[in-house]
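Okay, handing you the structure first.
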Amino acid sequence: MKMCAQDIEFTLVRSDRKTADIVIERSGDVIVRAPNGIDDERVREAVAGRALWVHRSLAEWEDLNSSRRHRPLVQGQGFAYLGRSYRLKFIEDSDVPLRLKNGRWELSEAFVAREGAAAARKAFRDFYTTKGMQIFTERVRQHAPCVGVEPSQVAVKELGYHWASCGAGGALNFHWKTLMAPQTVIDYIVVHELCHLRHRDHSDAFWNEVDKVLPQYRERKEWLRQHGASLDL
């Protein structure tokens with residue numbers, strides 16, 4: 001439900017929870033999650049009471065997202081994989097459109113000429129998705145026993161402005177863009193979602209669970225907040 005308090009537009013999401021919180025999504029949207037029993041006016045008062053924090057957070061979001069840019073498909077352009085940037089090299093032809101070889105991205109000129117730039121970018125997404133299935137499956141298998149949960153499946157896909165999601169029945173979904181982040185950050189994302197199988201909200205109990213499995217999670221969470229916008233093609 002779209003609502004407004006003072007000059008702050010926000011989306012209200014009600015659920016069976018005990019406390020309310022306000023978050024700034026990666027999209028820049030203001031989301032208010034509130035218990036079912038709180039009426040709309042009390043929600044507006046709560047948002048108005050945190051107006052200064054919301055405006056500061058939105059200003060910080062704009063500053064952090066200034067690093068978002070569209071990378072041209074040109075010789076020597078850097079594209080990240082597992083926290084390291086690799087330069088793009090065009091080769092005449094290949095049995096695959098794109099591969100990472102000898103510290104370089106190798107992109108088939110023949111493929112780009114035949115299929116176009118959009119298909120070349122899709123080749124990058126396909127690469128991240130394929131590698132992501134291997135990496136996330138292995139990392140989930142390693143961390144799940146530490147949390148004491150058993151996910152039903154793992155998938156890597158386009159998730160818009162979400163790094164990951166925890167679906168019905170214990171299915172875990174991860175954004176292909178996360179494969180650009182360092183392995184330590186990927187582990188944080190994995191543990192984060194695994195802990196959501198025990199606690200669906202971001203309560204103290206949830207963060208305590210994350211902390212038990214990954215005591216260094218705060219610095220990894222901060223890395224993602226500061227550099228997340230740059231994880232893009």
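Stretched out fully, how many nm does the piece from Ala119 to Ala171 gain, at 0.36 nm a residue minus the Cα gap?
15.8 nm
Pull out the extension gain between Gln226 and Arg104, defined as 0.36 nm times the separation in residues minus the alpha carbon to alpha carbon distance; nm, one decimal.
Length gained between Gln226 and Arg104: 41.3 nm.
Which FRET efficiency value, to the nearest 0.05, do you get for Leu73 and Glu138 by plugging their Cβ-Cβ distance into 1/(1 + (r/R0)^6) with R0 = 22 Å?
Values: r = 30 Å, r/R0 = 1.38.
Working from the Cβ atoms, E equals 0.15.
Between Glu25 and Ser94, what FRET efficiency follows from the Cβ-Cβ distance if R0 is 41 Å, with the result rounded to 0.05? Write down the numbers at each step before the final one.
On the way: r = 39 Å, r/R0 = 0.95.
After rounding to 0.05, the efficiency reads 0.60.
Could you sort the peptides 164-174, 184-194, 216-226 by per-residue average Cβ neighbour count (10 Å cutoff), highest mean leading?
Final packing ranking: 184-194, 164-174, 216-226.
Continuing with this model, one more query. Karplus couplings for segment 211-226 from phi (6.51 cos²θ - 1.76 cosθ + 1.60, θ = phi - 60°), rounded to Hz, Gly and Pro as x?
Taking θ as phi minus 60°, the curve returns 5, 5, 7, 9, x, 8, 5, 4, 5, 6, 4, 5, 4, 5, 5, 7 Hz for segment 211-226.
Per residue, how much accessible area does the chain have with a 1.4 Å probe, in Å²? Let's see the in-between values first.
Values: 12580 Å² over 233 residues.
It amounts to 54 Å² per residue over the chain.
Each label point is 7 Å from the Cα along the Cα-to-Cβ direction; what then is the distance between the points at Lys2 and Ala205, in nm?
Those two pseudo-labels are separated by 3.5 nm.
For segment 126-201, what size does the Cα cloud have along each of its three principal axes, sorted from largest down, in whole Å?
30, 23, 18
Moving on to the next point. How large a share of the accessible area of the chain, in percent, is made up of carbon and sulfur atoms when the probe is 1.4 Å and the other protein chains stay in place?
So the carbon and sulfur contribution to the accessible surface is 48 percent.
Tell me, what HN-Hα J-couplings in whole Hz come from the Karplus equation 6.51 cos²θ - 1.76 cosθ + 1.60 at θ = phi - 60° for each residue of segment 166-182, using x for Gly and Pro?
Taking θ as phi minus 60°, the curve returns 10, x, 5, x, x, 7, 10, 10, 10, 6, 4, 5, 5, 5, 7, 7, x Hz for segment 166-182.
Right, another one. What's the long-distance tail for the chain, i.e. % of Cα pairs beyond 24 Å?
That tail contains 54 percent of the Cα-Cα pairs.
Can you tell me the order of 18-30, 125-137 when each peptide is scored by its average per-residue count of other Cβ atoms within 10 angstrom, highest first?
My ranking of the peptides, most packed first, is 125-137, 18-30.
Give, as a single signed number, the net charge of other residues whose beta carbon lies under 15 Å from the beta carbon of Lys2, with Lys and Arg counted +1 and Asp and Glu -1. Working shown, then result.
Details: positive: Arg14, Arg33, Arg44; negative: Asp7, Glu9, Glu25, Asp29, Asp40.
Within the 15 Å Cβ shell, the charges total -2.
Number of Lys pairs in the chain with C-alpha atoms less than 13 angstrom apart, excluding same-chain neighbours closer than eight positions?
6
Next question, about the same structure. Nearest 500 deg cm²/dmol is fine: what mean residue ellipticity at 222 nm does the chain get from its DSSP H runs of n ≥ 4 alone, each adding -39,500 (n - 2.57), divided by its residue count?
-13500 deg cm²/dmol, from helical runs alone.
The values are calculated or read from the model by the stated rules, or taken from the named source; none is laboratory data. Bear in mind that the values here come from a model prediction, so they are computed numbers and not experimental data. All Cβ positions, even for glycine, are placed from backbone atoms using ideal geometry, and neighbour counts span all protein chains on display. Heavy atoms of the whole protein, side chains included, go into the accessibility calculation; ligands, DNA and RNA do not. Shrake-Rupley method; radii C 1.70, N 1.55, O 1.52, S 1.80 Å.
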